[in-house]
1. What is the diffusion coefficient of region 187-305 in µm²/s, taking the Kirkwood radius over Cα pairs and the Stokes-Einstein relation at 20 °C with a viscosity of 1.002 mPa s?
2. Taking each pair of distinct Cα atoms in region 1-60 once, what is the resulting Kirkwood hydrodynamic radius in Å?
3. Anyone know which of 298, 235, 132 comes out most mobile in the 10 Å Cα GNM of the chain?
4. Computed over the Cα atoms, what is the radius of gyration of region 228-294 divided by 2.2 N^0.38 Å, N being its residue count?
5. Of 75, 49, 326, which has the largest mean-square fluctuation in a 10 Å C-alpha GNM of the chain?
6. Report the extension gain between residue 256 and residue 95 in nm, rounded to one decimal, defined as 0.36 nm multiplied by the number of residues separating them, less their alpha carbon distance.
7. Distance from the Cα centre of region 174-206 to that of region 1-72, in angstrom?
8. Rounded, prolate or oblate: which fits region 240-342 when a ≥ b ≥ c are the square roots of the eigenvalues of the alpha-carbon gyration tensor, with rounded for a/c under 1.5 and prolate only if a/b beats b/c?
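Only the coordinates and a few stated rules stand behind these numbers; no lab work does. Small disclaimer: the values here were computed from a predicted structure and weren't measured. Virtual Cβ from ideal backbone geometry, glycine too; neighbours counted across all protein chains shown.
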C-alpha cells in the first residue's frame with residue numbers, strides 16, 4: 001500500500017483520482033467499479049454521467065469522518081478507469097430506446113419496437129457478464145468492491161459475483177422506488193426491475209427496503225407475498241416520527257431484519273430530492289443525508305458485515321455546480337467507510 005504517512009490528507013486532493021487519493025488498484029483495499037449505463041431510465045436520463053461527475057467532485061471533500069478514530073482513506077480506495085466503451089454503448093442504445101418510450105407515453109402499444117427491446121436485453125446481459133467478471137476477479141483478490149452507477153440495473157452482475165462466495169446474504173436497499181417490476185417496459189434488466197431480479201438469486205435471502213414512496217400495484221403485491229421482502233415505506237417512517245418515534249429506534253428495527261452479511265444498494269433518490277435534484281426519477285419525501293448515514297453506521301454497530309455496495313442514479317444537472325455529484329461523493333465515501341469495518 002502507498003505510504004499514507006507521506007500523503008497530506010489536509011491538502012488539496014489530486015484531480016482525476018477518487019477523493020484525490022494516491023492509491024492504485026493493487027494497493028487499495030476497496031476498489032470502485034464505475035458502470036456508466038442508463039439505457040432504460042424512464043423519466044430523465046443522465047445517470048450514465050454519474051461516475052465521472054462523482055470522480056470529478058470527490059477530491060474536494062474532507063477525509064475525516066465524525067466518530068471514527070481512523071479516517072477510511074488510510075485503508076486505500078481506488079476507482080477503476082471509467083469504461084468509455086460502456087458509456088458509448090449506453091448512449092447509442094438510449095437513442096434507440098427514446099422513440100419507443102415516447103410511443104408508450106403517447107398511448108401506443110410499442111409492439112413494432114420489439115427489435116429494439118431485444119437488442120437492449122441482449123446488451124444488458126452482456127453488461128451483467130462484464131460486471132460479474134470484473135467484480136469476481138476483485139473479490140477473489142481479497143478486495144472490497146463497490147459499484148458506481150449508472151442506473152440501478154448495473155449492480156446485478158455484482159450480486160451474481162457475490163453469490164459465488166456467499167451462500168446467503170441480505171440486501172439493504174435505500175430507494176424511493178421498490179424496483180420490483182418484472183421486465184418493466186419489456187426490459188428484463190430495467191432500472192425498475194433491479195430488486196425483482198435480485199430476489200430471484202437464491203443467495204439473496206432478504207431484501208429490506210427503506211424510504212419507499214413510489215410503487216405500483218404489481219410491486220406491492222409481490223412484496224406482500226414474498227417472505228424475502230420487508231418494506232419500510234417513507235410515509236410509515238414519517239408517521240412514526242409524527243407520533244413521537246425516534247430515528248435511532250427505527251434504524252435499529254430496520255437493521256434487525258437483515259442477516260449477518262449485508263449488501264447495501266443505495267439509490268440516491270432514496271434521499272430527499274433537494275439533495276439529488278438531477279437523479280433519474282426524483283420523488284418528494286425521503287431520507288435526509290444524516291439519517292441515511294446514521295442507518296449505514298447502524299449496520300456496523302449491530303455486528304453485521306457489509307460485503308459490497310452500490311451507489312446508483314447520481315446524475316449531474318446543468319447549472320447545479322456539482323451539487324448532485326458532491327452529495328453522491330459524500331455518500332460514496334461513507335459507504336466505503338462502513339464496508340471497511342469488518
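1. The Stokes-Einstein estimate is 140 µm²/s.
2. On the way: mean 1/r = 0.0751 Å⁻¹.
For region 1-60, inverting the mean 1/r across all distinct Cα pairs yields 13.3 Å.
3. Checking each option, the largest mean-square fluctuation is seen for 235.
4. Working: Rg = 12.8 Å, N = 67, 2.2 N^0.38 = 10.9 Å.
So region 228-294 has a normalised radius of gyration of 1.17.
5. 75
6. Values: separation 161, 0.36 × 161 = 57.96 nm, distance 4.35 nm.
Gain in length upon complete extension: 53.6 nm.
7. 27
8. Details: a/c = 2.41, a/b = 1.37, b/c = 1.76.
Oblate.
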